1. At 0.36 nm per residue, and after removing the present C-alpha to C-alpha distance, how many nm does the segment from residue 339 to residue 134 gain when stretched out fully?
2. Please give the contour-minus-distance gain from residue 284 to residue 72: 0.36 nm per residue of separation, less the Cα-Cα distance, rounded to one decimal in nm.
3. Return the FRET efficiency for the residue pair residue 9, residue 228: r is the Cβ-Cβ distance, R0 is 56 Å, and the value is rounded to the nearest 0.05.
4. For the pair residue 206 and residue 250, how long in nm is the line joining their label points, each one 7 Å along Cα→Cβ?
5. So, R0 is 41 Å and r is the distance between the beta-carbons of residue 184 and residue 263; what FRET efficiency does that work out to, to 0.05?
6. Using only the alpha-carbon atoms, what does region 247-358 span along each of its principal axes? Please give whole angstrom values in decreasing order.
7. Over the alpha-carbon set of region 46-108, work out the extent along each principal axis and list the three values in angstrom, largest first.
8. Using helices alone, I'd like the mean residue ellipticity at 222 nm for the chain: each DSSP H run of four-plus residues gives -39500 (n - 2.57), total over residue count, nearest 500.
Amino acid sequence: MSVQELLLLPENSRCADCGQAEPVWASCAVGVFVCLECSGVHRNPKIGKVKSIHLDYMDHDIVQFLQSHGNRRAREEYEAFVPPFYYKPTEKDCKVLREQWIRAKYERQEFRSGAESRYTVDFKEGVLLKKGKKKGQFLERIFIFSESGGLLTYYTKDRLDRPKGKFPIETLNAMFQCEKLELEHGLEITCVQGGRTRSIYVYHKSGEEIVTWYNVLRAARFSYLKNAFPDTPEAELIPKITHNYTKSGYMEKTGPTQKERFKKRWFNLDSEERKLLYYKDPLDPYEQGAVFIGSEEEGHQVTEGLPSGMKGNKWTAGITLRTPQRDFIFTCQNSAEQRDWLQALRDITARPMSTHDTGGRAPENNS
Ligand SMILES: *[C@@H]1O[C@H](CO)[C@@H](O)[C@H](O)[C@H]1NC(C)=O
């Protein structure tokens, strides 16, 4: 077979590592077809050489090697024992997650045997850089995860101090925020405390270390969820381990009387928890307010435009979110943003409420 013929096989139609369609590079060390971005991680002395399918000459031996390996066999070998909690990145994920996935698979070969996973630990301690109050300020903090305590805590210098923050595994969430933080290894960790969502932002200069923390927290969340919901199938628990905001960005909003001047706020839409959180600054530790979004059957409705006679401030593309308590009025910067927000909000109101949703209902702390 020629390389072109190999690429036509369904098993080689997507990048072996992130799933992007139409891979254009081949790894001569592991014999897989990958996309341009993932090929950059493969091109590394510890994993091996890569060749461009369209530009590089491939001799008979290499083609033979690719034929006898390929994406399906590589997956069977290198992904034989990926733990269910391990986050397998897609093409949409930030670079650090993809890079560490590739290194974990081929360089450290973490998933070739069923040995105890390095992420399933009772205890982990380490120093992470945590965003401080001042702009651009990051401070060294000691982070401690304890499985038996069901808790992630952090301390200033001395572990004997009282912890500066406690994140119970029960409500903990973690997601990479490379763009919002303008840091390649930037991670947001949140938990719900007294009905409000607390966020901290951390990073580590080593990509391996920050992704390890992320998967240690995921392993702990997964084991908590399995205990808490023993009758729920694993496949339904996996999306609840940690989740990304569905959409984030600026909108303007008015207040409860709808006569208040529209003010620009940063919004995070948490579809999993059915919450729209808003902030003065995107990196604030707590939201200024939160709107719980129920289902249509419960009287929650999203419509395009502003109520008649109402004008926005700078922005005019309006959205009205009706809840049984009150209407929330927002304006978006342009019609593309308005369309995306409408779609994301309607996806939630169209989804019937489950028992999980009512358990996590946010108190109405909006202003
Ligand atoms: C979540 O979203 C951010 C920003 O859009 C992205 O960089 C990241 O890779 C996503 N996934 C995870 C698992 O954090």
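Every read-out reported here was derived from the displayed coordinates using simple, explicitly stated rules and does not represent laboratory data. Quantities reported herein were computed from a predicted structural model and do not represent experimental measurements. Counting neighbours? That spans all protein chains shown, and the Cβs are built from the backbone with ideal geometry, glycine included.
1. 70.3 nm
2. Stretched out fully, the residue 284 to residue 72 stretch lengthens by 71.9 nm.
3. E between residue 9 and residue 228, to the nearest 0.05, is 0.85.
4. Taking the simple label geometry, residue 206 and residue 250 are separated by 3.9 nm.
5. 0.80
6. 40, 34, 27
7. Largest to smallest, the principal-axis extents are 40, 24, 21 Å.
8. Estimated from H runs of four or more residues: -7000 deg cm²/dmol.
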